[in-house]
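> Quick one: the structure is below, questions incoming.
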Amino acid sequence: MTTSEGEQGGGGAGAERTPGGGAARPEDRLEQAVRAAEQALIEFEIAVESFRVEVENFSRLHEQKLGPMYARLEELDARILQARAARSGDPEDRRLADEARARLMPIPGVEELMNGWMDGDGLFPEATAMLTGQAVRPPQRVRPGEEARRLYRELARKAHPDLAQEDKERARREEFITRVNAAYARGSEAELRELAEEWAAGPELKRVPSAGEELYARLEWLSRRKELLTLVARDLEESAIGSMLRLAPDDPDALLEEIADGLRAQVTEREAELAALLA
């Protein structure tokens, strides 16, 4: 806060004052800069974490919806190669067919990796039903809604570990934010509301002003943290799923359906090719 000599009745013109009227401490301006940098970093972290959750959830939906179609295409490609090898008798055709078939054989943990879509004998009934348009259980929608996003941002601002000045308080906040992130990743508004109530009922520790050296060190740490988050954000944006999300940020489900339409067309083409080879 800055006031003139006439307003304060003494002191130099433009001297900085505390709310109580005394001269400001030398560390006050630096402390304000640290507080502003902390808040800016928190907002950046919230944005990066929100996008990370979007990418992970979209990746899960992508695999649930399109996984069986990719699997079906691989199976058809392998069968086409086998049919060609049976017709030609060429050793090279046989080698290619064997390699393609080997890629479809189950390996330890394959069912978990493929989310139960297929094994060595081909597609599971649920996957086949999805490809043929029959009614199946749709992929679970795990993308957080607007209310969940609002609750998450509010909790992240209030409970962020960077707002702590003591190790004990930082540890408490880190444990709490871990639970907040998990609830947000599940898109659970109910859990986030419960966590908001828990935080409101919890202890509030008073902030202790930092010494000048600690404030400078804090600014350096915030700068390094921002650089790290910038790299994380860039990796997310440049990833395959992140790039897809950026193509349709407002309606990613429509993008999935568009990709699915293209895969269905490819499946139809492969099935026709296989039928011709087996005729």
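The numbers here are math on the coordinates, done by the rules we state, and not lab data. Computed from a predicted model, the values in this text were never measured in an experiment. In this analysis, Cβ positions are derived from the backbone assuming ideal geometry, glycine residues included, and neighbour counts consider all displayed protein chains.
> Arg186's amide H: which non-local residues (gap 5+, or another chain) put their own amide H closer than 5 Å, with H modeled 1.01 Å from N in plane and none for Pro or chain starts?
none
> Output ³J(HN,Hα) for the range 174-179: one whole-Hz value per residue in order, computed from phi by the Karplus curve 6.51 cos²θ - 1.76 cosθ + 1.60 with θ = phi - 60°, and x for Gly and Pro.
Working through the residues one at a time gives 4, 5, 5, 5, 4, 5 Hz.
> Still on this structure, please answer the following. Between Asp90 and Glu63, what length comes free when the chain is fully extended (0.36 nm per residue of separation minus the Cα-Cα distance, one decimal in nm)? Don't skip to the answer; put the middle values down first.
Values: separation 27, 0.36 × 27 = 9.72 nm, distance 3.61 nm.
Additional length available on full extension: 6.1 nm.
> Next question, about the same structure. So, R0 is 51 Å and r is the distance between the beta-carbons of Glu166 and Ala254; what FRET efficiency does that work out to, to 0.05? Please list the in-between numbers first.
Numbers: r = 48 Å, r/R0 = 0.95.
The computed FRET efficiency comes out at 0.60.
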